[in-house]
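Down below is the structure, laid out as structure tokens.
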Amino acid sequence: MPTPGPSPAPHPAPRSAPIPGGREIPLWTTAGVPDAEVSVHPFDTADGLGLSMLRFRRRNPGPRTGSGPPPDVVLIVHGLTTSSDMFIMPEHVNLVTHLLDNGYPDVWTLDTRMSNRFPYDRIEHGWTMDDLALYDFPAALRVLRAEVGEEPRVHAVTHCLGAVSFTMALAARTVTGITSCVANSAALTPRVPAWSAVKLATFPALAEYGIALPYLDPTWAENPRFTRGWLISKLVDIVHPECDVPACHLLSLMWGSGWPALYEHRNLLDVTHRRGGDLYGATSFRYYRHVFRMVTAGRAVKYHRTPQYAELPDDYLRAAADLETPLLLMTGEHNHVFDGGNQVCFERLEHASPGLHELAVIPGYGHQDVFMGRNVHRDVFPTVLDFLKRHSG
């Protein structure tokens, strides 16, 4: 495995003087990638949503030698309720900075309709991961290619339901021309712990029809006293005594099984733990319903069976049998959100295409801390970088 190059010291956090209102790190800041040109690339999907990408380019990547090919491009995709922010965090050496420092001077982060940078998940909507595969990713890749041209190789690094939906798009051929793809935590065979399956089976109906709850929000503890969200937060606090951060407790309700469910506490900086309400957003319940259908089926399957989605396969795993894009199926050893799913996916795809895909289990890590932990530049990113380098030619 190659030794990664030096990375700059992370932006100091928390600040010596907190921002008024108690926020220690500005919301949606790009300060975590200080030595890059940052541009915003908004675009529309065919079903009528406005989304966007952030592009990070090293100001002085060095001259190209002779008539060699342009540098490879990396597209990074978040999961449900997170955003580009999880890859550009200023309190530790983040993935975008690490890639820029190690031979990838053109990195893009995509904010899909699942991003907390948009208000879309605070409404009762009918979108599923089919919509990302059919609308979000093809539109994003058209914008990216319009900027970089058709010549550069494009790699994808994806996470959580972003990884599930992106590998669905690869299987459905709505996205093509991807040289390699890292899919962290889950891909085409999502598996969840038993308690998570119970929550997926019961909570959406209970929330929507029993108590008319349109979404779950990790920031409910900040709501006015005795409001519904505040009361739910207090109830969740009772069964999660493992820390004193209410947003962390609510995230364990929203995802996975454990105390906490999303990550290993020891892997996070204190400031990262405290600002969970900024890094994760609210979500309504249709995505949960799609995950449950996949868990029940044992593979990624289409949720919608209407003519609008006719070009998508009913069974994405079967459609991926002749997939040509190599996948690195990565997961934390202590993944309490999608436990064992990528191991199963690797076994299924290895049977269909021996030697094409790879599996990496990261010791000591969970689901989210694989990208958001204090030492990921040392413990995780070299695995990602090694895979990308071997497919960069």
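Screening the candidates LEU385, LEU312 for the property of being closer than 21 Å to VAL154 by Cβ and surrounded by 18 or more Cβ atoms within 10 Å (Cβ to Cβ) yields one hit, LEU385.
The criterion of being assigned to a helix (DSSP H, G or I), crowded, with 19+ Cβ neighbours inside 10 Å and touching a helix residue (DSSP H, G or I) at 6+ places or on another chain (Cβ under 9 Å) does not hold for GLY258.
Scanning the stretch 202-221 for residues that are within 20 Å of SER252 (Cβ to Cβ) and surrounded by 15 or more Cβ atoms within 10 Å (Cβ to Cβ) yields PHE203, PRO204, ALA207, LEU213, TYR215, LEU216, ASP217, PRO218, THR219, TRP220, ALA221. Of all residues in the stretch 174-187, those satisfying the criterion of being in contact (Cβ under 8 Å) with a residue 12 or more places away in the chain and out of contact with any helix residue (DSSP H, G or I) (no Cβ under 6 Å at 6 or more places or on another chain) are GLY177, ILE178, THR179, SER180, CYS181. Residues considered: ALA140, ALA183. Of these, the only one that is buried (at least 24 other Cβ atoms within 10 Å of the Cβ) and closer than 23 Å to ALA321 by Cα is ALA183. State all residues of the stretch 45-92 that are among the basic types (Lys, Arg) and modelled with pLDDT under 95; if no residue qualifies, say none. Across the stretch 45-92, the qualifying residues are ARG58, ARG59, ARG64. Remark: pairs (first residue in the stretch 29-45, on the phi < 0 side of the Ramachandran plot and among the polar types (S, T, N, Q); second residue part of a strand (DSSP E or B) and surrounded by 12 or more Cβ atoms within 10 Å (Cβ to Cβ); Cβ separation under 7 Å; 6+ apart in sequence or on different chains) = THR30/VAL38; SER39/ARG55; THR45/LEU51.
I'd like to check something: does the stretch 228-243 contain any residue that is touching a helix residue (DSSP H, G or I) at 6+ places or on another chain (Cβ under 8 Å), at pLDDT 95 or above, of a type in the set (Ser, Thr, Tyr) and not in a loop (DSSP other than H, G, I, E, B)? Among the residues of the stretch 228-243, at least one is touching a helix residue (DSSP H, G or I) at 6+ places or on another chain (Cβ under 8 Å), at pLDDT 95 or above, of a type in the set (Ser, Thr, Tyr) and not in a loop (DSSP other than H, G, I, E, B), which makes the answer yes.
Checked against (1) under 19 Å from PRO26 (Cα atoms); (2) free of Cβ contacts under 8 Å to residues at least 60 places away in the same chain; (3) out of contact with any Gly (no Cβ under 6 Å at 6 or more places or on another chain), ILE88 passes all but condition (3). Could you tell me whether the stretch 131-142 includes any residue that is touching a helix residue (DSSP H, G or I) at 6+ places or on another chain (Cβ under 6 Å), small (Gly, Ala, Ser), closer than 29 Å to LEU251 by Cβ and part of a strand (DSSP E or B)? Checked against the condition, which is being touching a helix residue (DSSP H, G or I) at 6+ places or on another chain (Cβ under 6 Å), small (Gly, Ala, Ser), closer than 29 Å to LEU251 by Cβ and part of a strand (DSSP E or B), the stretch 131-142 yields no hits at all. Going by what's in this entry, would THR29 be described as hydroxyl-bearing (Ser, Thr, Tyr), surrounded by 13 or more Cβ atoms within 10 Å (Cβ to Cβ), within 21 Å of ALA146 (Cα to Cα) and at pLDDT 50 or above? No, not satisfied. Looking at PRO224, PRO204, PRO190, which is the one that is of a type outside the set (A, V, I, L, M), in contact (Cβ under 8 Å) with a residue 60 or more places away in the chain and in a loop (DSSP other than H, G, I, E, B)? The conditions single out PRO190. For the stretch 107-130: of the residues being of a type in the set (Asp, Glu) and part of a helix (DSSP H, G or I), which is modelled with the lowest pLDDT? Ranking the candidates gives ASP121 first.
The values are calculated or read from the model by the stated rules, or taken from the named source; none is laboratory data. Here the structure is a predicted model, which means the values were calculated and not measured. Heads up, the Cβs are rebuilt from the backbone with ideal geometry, glycines too, and the neighbour counts pull from every protein chain shown.
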